[in-house]
Amino acid sequence: MAILFIGISVAYLDRVNIAVIAANPEFLADMGITGQPVKVGLMMSLFLVAYAISNVVLSPLGDYLGPRKAMVTAYVIMCASLLTGGMAATFGMLLATRVLLGIGEGLYYPMQNTFVKNWFPPKERGRANTAWLIGQSLAPAAAMPIFTYLVAAGSWHSTFHFSFAVSLIPLVLLFLFTADTPRAHKRVNAGELRYIEENLAQEKAGSGDATSAKQPYLELVKTYASNYRFWMLLLILASNSILSWGIMTWLPTYLNKERGFSWEAMGWISSLPFILGFLFKIVSGIVIDRTGRNAPVLAISALLCAAGVYLGVVIQNNDVAAIVIAFGIGVSSAQIPAVFTLLQKLVPKSAMSSAAGTLNGIAVAFGAMSPVLIGFSISVTGHFSSALYLIIGIILLGGVLATVLSAQKL
């Protein structure tokens, strides 16, 4: 679990440097995109498109090769992207490295779910998912001030150099110290192995799961694609993705340009939603395991998120507005452990990588539209509010679907 936490933390650190350097005049001038917000949004949107496609297309490799080999391969691709990103001399070359990063991270992400499904009994998965998912909050929280400092002390290139060096750590850990299943791991003792396998066997017997990873791919897909709850869960995650990727891409620029925060203050305030997200994910994991319910967490989170973002738009005081919008973004993070814990409940082990990749990939494809749409809205209206109102409505639609699942005791 510690390695999964490190792996996802570094992956999320790798992707957010663009959000910081997009507010750096030197970077914008070097890339020839000064005063072109649509092209700024394109840097994140192209990454997300590649990430989404990779999730769906490459995730079945985890079901056939095993998650360990797939994750090592993913990190090799990610390291290559970061190494070349720091040397990019043109905007086109930079976009190519963003696509490559998206391919690597899209292959990597679903494998975390497969590891949790293979290693943890159902009653522990809420906390297990939280244990790695908090890396998605902690890494960007730390990355924002770190990247801000690196740009101020050196140049935008240094953010890529730093990310590449840090990415070598999980690559080595995954290669040397992980195994696809408890039985394949040399350091698992007999008592631990018995406890895990007995609980997983009870889960399989209770669900009537008779599928095998040796089945044709389309047969595995049918195990989850024929379940309408899977698609409802996907739409809920899509609403979260639209919020997360749109605001994460533009929040530093919003705080600096529209709310008037200094460069130094912008870096620290941009990390606040991720700090709050860390806390809400912990609460979410505990509530899920203690109640055995996921959908109520999804519904309450959506309501609080929409309220926070709305108040952040309409409040005039800059400091209060920044705190309130950070709360709204942060509380949305409580949805993520609930989404993947419910997914692991609905999908058999043999199709876990494929299902997680499809769910996350399509959801992120929706999110990929958000940075460019916000950029387009800024170029047309000159401010953020119209785009944020649209995002609030989408979050509330996800909350309605979560309420339906709540009525089904999920």
**Request:** Pick out the one residue from 328, 357, 246 that is closer than 24 Å to residue 135 by Cβ, free of Cβ contacts under 8 Å to residues at least 60 places away in the same chain, open to solvent by less than 10 Å² (accessible area, probe 1.4 Å) and in contact with a helix residue (DSSP H, G or I) (Cβ under 9 Å, 6 or more places away or on another chain).
**Result:** 328
**Item:** Condition check for residue 20: among the β-branched types (Val, Ile, Thr) and either touching a strand residue (DSSP E or B) at 6+ places or on another chain (Cβ under 6 Å) or modelled with pLDDT of 90 or more (or both)
**Value:** no
**Request:** Would you check if there is a residue in the range 224-238 being farther than 19 Å from residue 329 by Cα, charged (D, E, K, R) and either open to solvent by less than 50 Å² (accessible area, probe 1.4 Å) or modelled with pLDDT under 90 (or both)?
**Result:** no
**Asked** (1) at pLDDT 90 or above; (2) among the small types (Gly, Ala, Ser); (3) surrounded by 19 or more Cβ atoms within 10 Å (Cβ to Cβ): which one isn't true of residue 126, the others all being true?
**Response** (1)
**Request:** Identify, from the list 144, 111, 78, the residue that is under 30 Å from residue 292 (Cα atoms) and in contact (Cβ under 8 Å) with a residue 40 or more places away in the chain.
**Result:** 111
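Listed here are the residues, each with its yes/no results for (1) surrounded by fewer than 24 Cβ atoms within 10 Å (Cβ to Cβ); (2) at pLDDT below 95; (3) within 24 Å of residue 164 (Cβ to Cβ).
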position: 62; (1), (2), (3): no, yes, no
position: 80; (1), (2), (3): yes, no, yes
position: 105; (1), (2), (3): no, yes, yes
position: 111; (1), (2), (3): no, yes, yes
position: 115; (1), (2), (3): no, yes, no
**Asked** Listed residues 29, 96; which is within 23 Å of residue 145 (Cα to Cα), open to solvent by 10 Å² or more (accessible area, probe 1.4 Å) and free of Cβ contacts under 8 Å to residues at least 40 places away in the same chain?
**Response** 29
**Item:** Residues (open to solvent by 40 Å² or more (accessible area, probe 1.4 Å) and among the charged types (D, E, K, R)) located in the range 1-26
**Value:** 26
**Prompt:** In the range 24-38, which residues are modelled with pLDDT of 85 or more and in a helix (DSSP H, G or I)?
**Reply:** 25, 26, 27, 28, 29, 30, 31
**Item:** Residues within the range 173-204 that are open to solvent by 80 Å² or more (accessible area, probe 1.4 Å) and either over 29 Å from residue 74 (Cβ atoms) or assigned to a loop (DSSP other than H, G, I, E, B) (or both), tallied
**Value:** 7
**Message:** Between 378, 362, which is modelled with pLDDT under 85 and either farther than 17 Å from residue 304 by Cα or aromatic (Phe, Trp, Tyr) (or both)?
**Reply:** 378
**Request:** Search the range 282-323 for residues being of a type in the set (D, E, K, R) and farther than 19 Å from residue 270 by Cα, and hand back the single one that is least open to solvent (accessible area, probe 1.4 Å).
**Result:** 289
**Asked** In the range 68-81, is there at least one residue being among the basic types (Lys, Arg) and closer than 19 Å to residue 181 by Cα?
**Response** yes
**Complete:** In the range 132-172, anything in contact with a Lys or Arg (Cβ under 7 Å, 6 or more places away or on another chain) and in a helix (DSSP H, G or I) is listed as 133, 137
**Asked** Can you find a residue in the range 370-377 that is hydrophobic (A, V, I, L, M, F, W, C), more than 21 Å from the chain's Cα centre (by Cα) and open to solvent by 10 Å² or more (accessible area, probe 1.4 Å)?
**Response** yes
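The values are calculated or read from the model by the stated rules, or taken from the named source; none is laboratory data. Only a predicted model underlies this, so the values are computations on that prediction, with no experimental measurement involved. Virtual Cβ from ideal backbone geometry, glycine too; neighbours counted across all protein chains shown. The accessibility values were calculated without ligands, DNA or RNA, using every heavy atom of the protein model including side chains. Shrake-Rupley method; radii C 1.70, N 1.55, O 1.52, S 1.80 Å.
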